[in-house]
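Got a structure here, written out as structure tokens. Questions coming.
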Amino acid sequence: MLDPNNSETTQMVSEINALLADHFALYVKTKNFHWHVKGPRFRDLHVLFDEQAIEIRDQIDDIGERARKIGGDTITSLGMITQHTQVKDEDNTDLTAEEMVVKLRDDNRRMVERLKSMKSTAEAAGDNATDGLIDDWTDMAEERVWFLNSVLG
């Protein structure tokens, strides 16, 4: 186990918690769009948004457990999610399908950027396991960006 009192480990836990907050917020936003999408591409986007939401949801536990494995605590509340996420709320249920796709694509792009920026922290902490997981999570987020970008044409 990494030394939880080491400043690099503390920074890694902080970044993992921000990533965890992003996943919670992006999951809710993606499900929101899944429920509210309308228009000629309804079926395709309804299914795509649900598939992406499930993938994001399924990463949440692994991310939270990673923080615990390296000796840290995880976010504990909706307030902490709101405090740590870079994903903006979207309460407008009248967005066009294209607007939804753009918003999700952009949120996933920011997640890719966050993940890539975490690599140096994992290396500094000597956290090879998190470093490897970051690669997997980056690949999944890049695939979501690719799919959403492809929908836009």
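Would you list the P(r) distribution for the chain, with all Cα-Cα distances sorted into 10 Å bins from 0 and each bin expressed as a whole %?
12, 41, 30, 13, 4, 0
Moving on. Taking the radius of gyration and the Kirkwood hydrodynamic radius from Cα positions alone, what is the Rg/Rh ratio for the stretch 105-153, to two decimal places?
1.09
Report the extension gain between residue 147 and residue 129 in nm, rounded to one decimal, defined as 0.36 nm multiplied by the number of residues separating them, less their alpha carbon distance.
Gain on extension, residue 147 to residue 129, equals 3.7 nm.
Round to a whole angstrom and tell me the spacing of the C-alpha centers of the stretch 1-64 and the stretch 93-153.
9 Å
Further question: Say R0 is 41 Å: what FRET efficiency, to the nearest 0.05, do residue 51 and residue 7 get from their beta-carbon distance? The partial results should precede the final answer.
Details: r = 39 Å, r/R0 = 0.95.
E(calc), rounded to 0.05, equals 0.55.
Here's a follow-up. For the chain, what does -39500 (n - 2.57) per DSSP helix run (n ≥ 4), summed and divided by total residues, give at 222 nm, in deg cm²/dmol to the nearest 500?
Mean residue ellipticity, 222 nm, calculated: -27500 deg cm²/dmol.
At 7 Å along the Cα-to-beta-carbon direction for both residue 88 and residue 61, put a label point, then send me their distance in nm to one decimal.
The modelled label-to-label distance comes out at 3.4 nm.
Also: To the nearest 20 debye, what is the magnitude of the charge dipole of the chain about its Cα centre, counting +1 on the Cβ of each Lys and Arg and -1 on the Cβ of each Asp and Glu?
Its charge dipole is roughly 400 debye.
Sequence gap at least 6, Cα distance under 8 Å: using those rules, report the relative contact order of the stretch 7-152 to the nearest whole percent. Intermediate results must be reported in sequence, preceding the final value.
Details: 159 pairs, mean separation 48.2, N = 146.
Worked out over the stretch 7-152, it gives 33 percent.
Read-outs throughout are calculated quantities, based only on the coordinates presented, and are distinct from any laboratory measurement. Note that the structure is predicted; figures quoted are calculated from it, not measured. Ideal geometry is used to build each Cβ from the backbone, glycine not excepted, and the neighbour counts take in all protein chains shown.
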